[in-house]
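Participant: Sharing a structure below in structure tokens format, with a few things to ask.
The values are calculated or read from the model by the stated rules, or taken from the named source; none is laboratory data. These numbers come from a predicted model, not from an experiment. Reconstructed Cβ throughout: ideal geometry from the backbone, glycine too, with neighbour counts over all protein chains shown.
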Amino acid sequence: MISFANINKQYGKQLLFVEASFQLNPGEKVGLVGPNGAGKTTLFRMITGEEHADEGDVSVPKRITIGYFRQDVEEMKGRSVLDEAIAGSGRVGDLHHELEDLQKAMEDPERLDEMDKILERFGEVQEEYEHLDGYALEAQAREVLHGLGFADDQIDGDVGALSGGWKMRVALARVLLGRPDVLLMDEPTNHLDIESIIWLEGFLKSYQGALLMTSHDREFMNRIVSKIAEIDAGEIITYSGNYEFYERERALREANQQAAYARQQAMLAKEQRFIERFKTHAAKAAQVQSRIKALDKIEKIELPKKRTVVKFDFRVPPRSGDQVAVIENLHKAYGPRVIYDGFSLTIRRGERWAVMGRNGAGKSTLLKMIAGATQPDAGSVRLGASLNLGYFAQQALDVLDPDLTIIEQLQKDFPKDGLGALRTLAGAFQFSGEDVEKKIRSLSGGEKSRLAMARMLYDPPNFLVLDEPTNHLDLATKEMLVGALKNFEGTMIFVSHDRMFLKGLGTRVLELGGETGKDKNPLVYLGSYEEYVRKLGHEAPGIYH
């Protein structure tokens, strides 16, 4: 279907692709992996024709349709969420919007003299719309938007009133509703909660077209793809299997390459010793020349490229009292919407609480009240003795100084620590080499989040309150963080949509109610997240198998 044959691509001195080849076949579901800057987005853009290879052939059949979900969303306003979602549905979408415009024209008293013409056109458009099953498309659009977490009032509301994260969901819905032959998806789970991620898994499993996607969600990738394409030092290497298979196979391939390299080095050293020993012996001159020529022809095996994931051992926090937080008879409402109505919970030292719940159930609100960032309407949150609380939320980045560089911020925060230790800390959160000289004002939201997390965990408090801590972290950094927090001797309560994080860390589960907070009482499960899934038969509230 889509093929790359011996492509070369270079930006300045940076070689992205060197004689690279790859093929995406009809119906294949492929995960695209590689370190930041390896060329994943460039590959997508070459498929869509936004960029071209310097050399080699990129073949994309003209008849196929391509849907591309990317992280930068264009401006959305002036339409309902439903209309914006339908906009990606080709001819049917165009007809849908023309019908909307014609209905407005029919209600406009200033256009009475055009009414015959408007009515005639309305009849033509409606007939074609019905023929193309347009009214079924509206039902499909609502189903997709519900799956991505939208309530009915949001679906019929103004798309311009949504936050950036919710507009990303609209853009995702638009791509999915287009039902293209090929789906290109760049981090589709970034702005989704776990319920929407699980819905999207089901949608993509039943999707008949070809899929090429990047994702930092291991579980999501494992469940959907049957092939991995890895961009590694200019090459595209394919593995037939899911992400876990790729990891095992890659490790095996590296071990074999390491062994082959060692054998070749030993052979080369032996030959070199022979040449050095006998190069002045006339009787051996022919043999020496023969071996020199043979060595020149040997294709040298290179050492496998090491993935640099900086491990970091975080300091042990001071011990807290046994009761870390006592929540009693908590009440919280936003206007008529009741979030908490007499909720009580005790968090004890060493527990790691995973807070689950649909959108609007009050997950972030609970964390804010524990951290003191929001006050309850009634009831109390009492923190225990000897407690040092660290609160991480996507919005809590105001403490960073925009005029400092990353390393200057860390030196300001930890003036007694050496530059080497602070560079290691930065490296553990993906700031390597010259990255540490970037000004904070120039960092993306994800980079600021990583820096805020690094600062909090370097000298960790004994009670961590974490709201979506894995957003914008790649898989390797997530694994480093889960490994470090597994050994954390303090207490945690967290909200996360990442099942690797939930499985790795959740020793207690708090499942909150539905959108009103009164659909059912909060469920306190005194076991791990994995036990919760086995016992209740669902991975998140409202998701049943």
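Participant: Look through the range 392-434, keep the residues that are free of Cβ contacts under 8 Å to residues at least 60 places away in the same chain and polar (S, T, N, Q), and return whichever of them is nearest to ASN471 (Cα to Cα).
Facilitator: Of all residues in the range 392-434, those free of Cβ contacts under 8 Å to residues at least 60 places away in the same chain come to 395-423, 426, 429, 431, 433-434.
Among the residues that remain, those that are also polar (S, T, N, Q) are: 395, 405, 409, 411.
On the way: GLN395: 12, THR405: 22, GLN409: 21, GLN411: 25 Å.
Per the criteria, the residue is GLN395.
Participant: Could you tell me whether the range 521-535 includes any residue that is among the basic types (Lys, Arg) and in contact (Cβ under 8 Å) with a residue 40 or more places away in the chain?
Facilitator: Here is the first cut: in the range 521-535, the ones among the basic types (Lys, Arg) are 534-535.
Checking which are in contact (Cβ under 8 Å) with a residue 40 or more places away in the chain leaves us with none.
Taking every residue of the range 521-535 in turn, none turns out to be among the basic types (Lys, Arg) and in contact (Cβ under 8 Å) with a residue 40 or more places away in the chain.
Participant: Next up: Can you pull out the residues in the range 26-58 that are charged (D, E, K, R) and in contact with a Gly (Cβ under 9 Å, 6 or more places away or on another chain)? Steps first, please.
Facilitator: Here is the first cut: in the range 26-58, the residues charged (D, E, K, R) are 28-29, 40, 45, 50-51, 54-55, 57.
The one that is charged (D, E, K, R) and in contact with a Gly (Cβ under 9 Å, 6 or more places away or on another chain): LYS40.
Participant: Right, here's the next one. Any residue in the range 1-29 that is modelled with pLDDT under 90 sitting within a Cβ distance under 7 Å of a residue that is surrounded by 15 or more Cβ atoms within 10 Å (Cβ to Cβ) and aromatic (Phe, Trp, Tyr)? List the pairs, counting only those 6 or more apart or interchain.
Facilitator: Short answer, once both residue conditions are applied: none.
Residue by residue, here is whether (1) touching a residue at least 24 places away in the same chain (Cβ under 8 Å); (2) hydrophobic (A, V, I, L, M, F, W, C); (3) surrounded by 19 or more Cβ atoms within 10 Å (Cβ to Cβ) holds:
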position: TYR129; (1), (2), (3): yes, no, yes
position: ASP133; (1), (2), (3): yes, no, no
position: LEU145; (1), (2), (3): yes, yes, yes
position: GLY165; (1), (2), (3): yes, no, no
position: VAL170; (1), (2), (3): yes, yes, yes
position: ARG174; (1), (2), (3): yes, no, yes
position: LEU177; (1), (2), (3): yes, yes, yes
position: PHE203; (1), (2), (3): yes, yes, no
position: TYR207; (1), (2), (3): yes, no, no
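Table: residues versus (1) assigned to a loop (DSSP other than H, G, I, E, B); (2) crowded, with 17+ Cβ neighbours inside 10 Å; (3) in contact (Cβ under 8 Å) with a residue 60 or more places away in the chain; (4) β-branched (Val, Ile, Thr).
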residue: LYS62; (1), (2), (3), (4): yes, no, no, no
residue: GLU84; (1), (2), (3), (4): no, yes, yes, no
residue: HIS96; (1), (2), (3), (4): no, yes, no, no
residue: GLU114; (1), (2), (3), (4): no, no, no, no
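Participant: Here is a follow-up. If I filter the range 49-56 for residues that are touching a residue at least 60 places away in the same chain (Cβ under 8 Å), closer than 25 Å to MET213 by Cβ and surrounded by 13 or more Cβ atoms within 10 Å (Cβ to Cβ), do I get at least one hit? Spell out how you get there, then give the answer.
Facilitator: Taking the range 49-56 and keeping what is touching a residue at least 60 places away in the same chain (Cβ under 8 Å), we get none.
The answer is no, given that none of the residues of the range 49-56 is touching a residue at least 60 places away in the same chain (Cβ under 8 Å), closer than 25 Å to MET213 by Cβ and surrounded by 13 or more Cβ atoms within 10 Å (Cβ to Cβ).
Participant: Another question, then. Quick one: VAL338 ticks every box in (1) surrounded by fewer than 18 Cβ atoms within 10 Å (Cβ to Cβ); (2) more than 26 Å from ASP193 (Cα to Cα) bar one, so which box is it?
Facilitator: It fails just one condition, (2).
Participant: Hey, another quick one. Can ARG291 be described as basic (Lys, Arg) and either at pLDDT 85 or above or farther than 30 Å from ASP474 by Cβ (or both)?
Facilitator: Details: basic (Lys, Arg): yes; either at pLDDT 85 or above or farther than 30 Å from ASP474 by Cβ (or both): yes.
Yes.
Participant: A further question on this structure: Suppose the filter is outside any helix (DSSP H, G or I), within 23 Å of the chain's Cα centre (by Cα) and within 30 Å of VAL30 (Cα to Cα); does LEU172 pass it? Steps first, answer last, please.
Facilitator: Details: outside any helix (DSSP H, G or I): no; within 23 Å of the chain's Cα centre (by Cα): yes; within 30 Å of VAL30 (Cα to Cα): yes.
No: the conditions fail for LEU172.
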